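Read through the structure below, which is laid out as structure tokens, and then see the notes.
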Amino acid sequence: DLKRHDMGKTLNNELLVQAGVPTGEWLTKKLWGFASEPPFLHHGRATLISEAILAHGGDAAESRQEFANASPEHQAAIVEFLKTMQVVPVTPAVASLGGAPLADIETPARFMPFSDGRDPRLMAFRLLVRDFNRGIEEGTSPAPNFTDAWRCQQILDAIRESSDTGRTIRLD
């Protein structure tokens, strides 16, 4: 979510305080796309998504504990959900529908690359910075995180239970 978080003792393997930032704090990246980039965590220490979740502490200790206390089936469902957070490369198979090429979608002007010769890759950076600044100003996270995924799973489980039992399921 591009914010600094205390990640706990397990992930605090840095020796040098840099720019006054404690060694146990990390500027976390967006969760979207992380499943495309194993091994996981900043140092690649986790080869499994579940290992990465269980290595978290500090600010994420409560979410980690909820995951640890969940049933094996529930843990597997969370990991399966997190595996969907990947960036799929565009290939000929992805870029067609029923064998026919997909039509181009017009890009809104605010997302168009610069017209003054600047590197068009700066647009993505500019949008990330905009979302980051908006998140700071509004006190919100610009990207889904583990807590968002956990909440989605709780909602999906409640829908399934409601469908199976015909009862209204209350979420806390």
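Please verify whether residue 160 is out of contact with any Leu (no Cβ under 6 Å at 6 or more places or on another chain), modelled with pLDDT of 65 or more, among the basic types (Lys, Arg) and surrounded by 10 or more Cβ atoms within 10 Å (Cβ to Cβ), treating the condition exactly as stated. Don't jump to the end; show me each part of the working.
On the way: out of contact with any Leu (no Cβ under 6 Å at 6 or more places or on another chain): yes; modelled with pLDDT of 65 or more: yes; among the basic types (Lys, Arg): yes; surrounded by 10 or more Cβ atoms within 10 Å (Cβ to Cβ): yes.
Spelling it out, residue 160 is indeed out of contact with any Leu (no Cβ under 6 Å at 6 or more places or on another chain), modelled with pLDDT of 65 or more, among the basic types (Lys, Arg) and surrounded by 10 or more Cβ atoms within 10 Å (Cβ to Cβ).
So, residue 52, is that one at pLDDT 85 or above and loosely packed, with under 15 Cβ neighbours inside 10 Å or not? In short, no. Going residue by residue through the range 105-113, is there one that turns out to be modelled with pLDDT of 80 or more, of a type in the set (A, V, I, L, M, F, W, C) and part of a helix (DSSP H, G or I)? No, because not a single residue in the range 105-113 is modelled with pLDDT of 80 or more, of a type in the set (A, V, I, L, M, F, W, C) and part of a helix (DSSP H, G or I).
Every residue, every condition in (1) over 29 Å from residue 157 (Cα atoms); (2) part of a helix (DSSP H, G or I); (3) polar (S, T, N, Q), yes or no:
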site	(1), (2), (3)
15	yes, no, no
44	yes, no, no
52	no, yes, no
60	no, yes, no
65	no, yes, yes
73	no, yes, no
76	no, yes, no
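The values are calculated or read from the model by the stated rules, or taken from the named source; none is laboratory data. On a predicted model such as this, the values are computed, not experimentally measured, just so you know. Because the Cβ atoms are built from the backbone with ideal geometry, glycine has one as well, and the counts that use them run over all protein chains shown.
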